[in-house]
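Asker: Pasting a structure below so you can have a look.
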Amino acid sequence: MRRTPALPYAVSVLFLVSIAGWSAAFAAPPAAHPVHRRARVESVDPTKDDITTNDDPIVRELAVEALGHEKGSVVAVDPTNGRILAIVNQKLAFSAGFEPCSTIKPFVALAGLQEGVITRDTMLRVGNRRYMDLTEAMAHSNNKFFEAVGSELGFDRLIKYHQLVGLGQRVGYNIPEEQPGLLPSRPPAFGGAARMSSFGEGIRITPFQLASLVGTLANGGEQFYLQYPRTDEERQNFQPRVRQELDIAPILPDLREGMLAAVMYGTARRSYDPDGEQDLGKTGTCNDESAGGRLGWFVSYADQAHPKIVIVVLLHGGSRIISGPHASQIAGRIYRGLYARNYFADADVRRNKEFAAFASGAR
């Protein structure tokens, strides 16, 4: 049996140990458990200067609680009559408008479906060997899909449909603080009609316009003027005012399927409530250079069969948490709170009483 000399072996071991120690001294420290840092959120009081007496107390309480101290606004509307139920951060909601980001996509889809540019089954190329139909494109807010639709429609047809549904116009009745937003007079220099259709480039939209538009999708095509009763007399004598009726019923299932998919497994899945009333919605995230900072939008309604409420959440600030998915999370808190308070069942009772009063007054 061959023996290894003791002294050379000991020297070799000591040398290796010293090298290992020297390397460890300069090596990176052992990995600890990953630290998940919460994104920094600008803390504000979004209710400052709000006049609260005009709001539904339950809707407002839950919206304020869900929004917390984030810089944002919540607007809630009854889609069956256009009545504004709550406005949290009224200063922000009544501002001149913001870029709609991807919340413009359902209305680009509406134009594309009406004009025959797409059907619900049209597969458009969105990447290398990758295609999507309308439902998947809405669920995942795919820019390439809607840029292709917008490019095919062209600027003039896009503007025609945006004007038709009320963009660039006031959609409220007797709401002097409301702003009309803005539609561009020519294609945006950056991206043209394509960029208009994916991010809403060049468009300025208000939470009220988004609430009005989605309320119209929710109720089958009847667009009500939004009303915000502020006196006992106005509340007692409230009657819906129809702005227009759009012949869009045949294409609504195609739009709704995409908005439902967004909530079930797409960009708006944080709003999903498996036990409550199912909401349908669309997120939007972008940088708004004119306003400065990031925008996070979520516009939605619940539920699909018997729409009871439209909720628009707008977030604005510099933190990376500002996004459409985070806005959908805030809306989800409101929906879950409303369900826990049995608000939707009570809303049916109130609606039946209001309908009976409206019908008797119309005789």
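The values are calculated or read from the model by the stated rules, or taken from the named source; none is laboratory data. Computed from a prediction, not measured in an experiment: that's the story for all the values here. Counting neighbours? That spans all protein chains shown, and the Cβs are built from the backbone with ideal geometry, glycine included.
Asker: When both residues are 6+ apart or on different chains and their Cβ atoms are under 8 Å apart, which pairs have a first residue that lies in the range 101-118 and is without any contact (Cβ under 8 Å) to a residue 40 or more places away in the chain, and a second that is surrounded by fewer than 22 Cβ atoms within 10 Å (Cβ to Cβ)?
Answerer: Note: pairs meeting the criteria are 117/152; 118/124.
Asker: If you check residue 238 against the conditions, is it in a loop (DSSP other than H, G, I, E, B) and at pLDDT below 95?
Answerer: Judged against the criteria, residue 238 is not a match.
Asker: Select from the range 290-342 the residues that are over 20 Å from residue 94 (Cα atoms) and of a type in the set (Ser, Thr, Tyr) and write down the one among them that is surrounded by the fewest Cβ atoms within 10 Å (Cβ to Cβ).
Answerer: Here the residue is 339.
Asker: One residue is enough: does the range 268-277 have a residue meeting the conditions modelled with pLDDT under 95 and under 19 Å from residue 79 (Cα atoms)?
Answerer: Looking for residues that are modelled with pLDDT under 95 and under 19 Å from residue 79 (Cα atoms), one finds at least one in the range 268-277, hence yes.
Asker: Of all residues in the range 184-225, which are over 17 Å from residue 158 (Cβ atoms) and more than 19 Å from the chain's Cα centre (by Cα)?
Answerer: 220, 221, 222, 223, 224, 225
Asker: While we're looking at this one, here's another question. Out of everything in the range 278-290 that is outside any strand (DSSP E or B) and of a type outside the set (D, E, K, R), what residue ends up being modelled with the highest pLDDT?
Answerer: Looking at the filtered set, the residue picked out is 278.
Asker: A further question follows. State yes or no: is residue 261 modelled with pLDDT under 95 and of a type outside the set (Val, Ile, Thr)?
Answerer: Criteria not met by residue 261.
Asker: Among 168, 150, 215, 200, which is assigned to a loop (DSSP other than H, G, I, E, B) and either modelled with pLDDT under 95 or surrounded by 22 or more Cβ atoms within 10 Å (Cβ to Cβ) (or both)?
Answerer: Step by step, each of 168, 150, 215, 200 is checked, and only 200 is assigned to a loop (DSSP other than H, G, I, E, B) and either modelled with pLDDT under 95 or surrounded by 22 or more Cβ atoms within 10 Å (Cβ to Cβ) (or both).
Asker: Among what's in the range 124-147 and is among the basic types (Lys, Arg) and outside any helix (DSSP H, G or I), pick the residue that is farthest from residue 279 (Cα to Cα).
Answerer: 129
Asker: Within the range 102-117, is there a residue that is touching a Gly at 6+ places or on another chain (Cβ under 6 Å), closer than 22 Å to residue 287 by Cα and not aliphatic (A, V, I, L, M)?
Answerer: yes
Residue-wise test of (1) at positive phi; (2) of a type in the set (Ser, Thr, Tyr); (3) free of Cβ contacts under 8 Å to residues at least 40 places away in the same chain.
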{"site": "250", "(1), (2), (3)": "no, no, yes"}
{"site": "261", "(1), (2), (3)": "no, no, no"}
{"site": "268", "(1), (2), (3)": "no, no, no"}
{"site": "291", "(1), (2), (3)": "no, no, no"}
{"site": "297", "(1), (2), (3)": "no, no, no"}
{"site": "300", "(1), (2), (3)": "no, yes, no"}
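Asker: Could you list, ordered by first residue, the pairs with Cβ atoms under 9 Å in which the first is in the range 151-166 and closer than 15 Å to residue 217 by Cβ and touching a residue at least 40 places away in the same chain (Cβ under 8 Å) and the second is small (Gly, Ala, Ser) and in a helix (DSSP H, G or I), at least 6 apart or interchain?
Answerer: 161/111; 162/111; 164/111; 165/212; 166/212
Asker: Could you tell me whether residue 163 is in a helix (DSSP H, G or I) and surrounded by fewer than 17 Cβ atoms within 10 Å (Cβ to Cβ)?
Answerer: Taking the combined requirement at face value, the residue satisfies it.
Asker: Residues that are more than 29 Å from residue 245 (Cα to Cα), of a type in the set (A, V, I, L, M, F, W, C) and free of Cβ contacts under 8 Å to residues at least 40 places away in the same chain: does the range 82-93 have at least one?
Answerer: no
Residues checked against (1) surrounded by fewer than 13 Cβ atoms within 10 Å (Cβ to Cβ); (2) aliphatic (A, V, I, L, M):
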{"site": "210", "(1), (2)": "no, yes"}
{"site": "267", "(1), (2)": "no, no"}
{"site": "271", "(1), (2)": "no, no"}
{"site": "275", "(1), (2)": "yes, no"}
{"site": "279", "(1), (2)": "no, no"}
{"site": "282", "(1), (2)": "no, no"}
{"site": "286", "(1), (2)": "no, no"}
